[in-house]
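We did not get these values from a lab; they are worked out from the coordinates using the rules stated. Remember, it's a predicted structure, so these values are computed and weren't measured experimentally. Virtual Cβ from ideal backbone geometry, glycine too; neighbours counted across all protein chains shown.
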Amino acid sequence: MSDHDRANELIARCGTEEIAASDLAWLHSHLSACTECSDYAEAFESAGRLIRATSAMATASLVSRTQARLRARAHELHEQRSRMVLVAISFCLGAMSSAVSAWLWWRFGGWVAERFGLSQAIVEPGIMLFLLLPAVVIAGLMLAFPHHALEERWIAMWVREREGGIQ
């Protein structure tokens, strides 16, 4: 990186980021020696003053659209947090019921194997397949039909309904 590139980077960072004292001292010494970088620093500072002095006004439609999007995003985040709590509760309940039902089915499989004279090597994998099949089917359906595409339509309709009621 050349001295001019380093000076330009430090000029751009000045006032917005904290700069090490050694870098700041180097910049001041470079600006006193290099007219090109000194002119760039003056132009950069005057552009910043001009931008800060100019006020920008948003139109009413921009404000209302932004508010609607913020409300929709806030609603989406709230729903996501609520959903995560339900997912955690569902996971815990599912894990407990899976453990209990797996034990019961395993016992049932032992009874079936003993009652009908079947081999445990046939009954045990069959029970495991029977236990895992619903989860595999549900996972496949969730992959085939992602829920976020449906939720976006519902949120957009909800926001339009709310905005229509407010105006």
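Net charge near W26: determine it from the other residues with C-beta under 10 Å of the C-beta of W26, scoring Lys and Arg +1 and Asp and Glu -1.
Values: positive: R6; negative: D3, D23.
Overall, the nearby charge balance is -1.
When a footprinting reagent is the concern and you count Cβ atoms within 10 Å, what order do W105, W111 take, fewest first?
Going from sparsest to densest Cβ surroundings: W111, W105.
Could you line up H30, H78, H4 from fewest to most neighbouring Cβ atoms inside 10 Å?
Working: H30 18, H78 10, H4 13.
Listing H30, H78, H4 from fewest to most nearby Cβ atoms yields H78, H4, H30.
Stretched out fully, how many nm does the piece from R13 to E76 gain, at 0.36 nm a residue minus the Cα gap?
Working: separation 63, 0.36 × 63 = 22.68 nm, distance 3.59 nm.
Extra length from R13 to E76 when fully extended: 19.1 nm.
Run the paramagnetic zone check for R6: 7 angstrom along Cα to Cβ, then residues of the stretch 21-43 with backbone nitrogen under 13 Å.
22-31
Pick from R115, R73, R81 the residue whose mean-square fluctuation is largest in a GNM of the chain, springs joining Cα atoms under 10 Å.
Comparing R115, R73, R81 in the GNM, the peak value goes to R115.
Can you compute the modelled spin-label distance between W105 and S55, with each label point 7 Å from Cα toward Cβ, in nm?
The modelled label-to-label distance comes out at 6.9 nm.
Return the calculated 222 nm mean residue ellipticity for the chain, to the nearest 500 deg cm²/dmol, obtained by summing -39500 (n - 2.57) across DSSP H runs with n ≥ 4 and dividing by the residue count.
Roughly -30500 deg cm²/dmol at 222 nm, from the helical runs in the chain.
Considering only A144, A33, A58, give the residue with the highest GNM mean-square fluctuation for the chain, with springs between Cα atoms whenever their separation is below 10 Å.
Among A144, A33, A58, the largest GNM mean-square fluctuation belongs to A33.
Measure nothing fancy, just the Cα-based angle from helix 21-33's long axis to the longest principal axis of the chain, in degrees from 0 to 90, nearest 10.
40
How far is helix 120-144 tilted, in degrees, relative to the longest principal axis of the Cα atoms in the chain, given as a value from 0 to 90 rounded to the nearest 10?
Roughly 40 degrees between the two axes.
So how strong a dipole does the chain carry about its Cα centre when Lys and Arg Cβ are +1 and Asp and Glu Cβ are -1, to the nearest 20 debye?
Dipole of the chain, to the nearest 20 debye: 1180 debye.
By how many degrees, 0 to 90 and rounded to 10, does the Cα axis of helix 60-116 deviate from the longest principal axis of the chain?
In the chain, helix 60-116 runs at an angle near 30 degrees to the longest axis.
Any cysteines in the chain with zero other Cys Cβ atoms under 4.7 Å from their Cβ? List them, or say none.
Cysteines lacking a close Cβ partner in the chain: C14, C92.
Cα atoms only: what Rg and Dmax, in Å, come out for the chain?
In order Rg, Dmax, the Cα atoms of the chain give 32.8, 98 Å.
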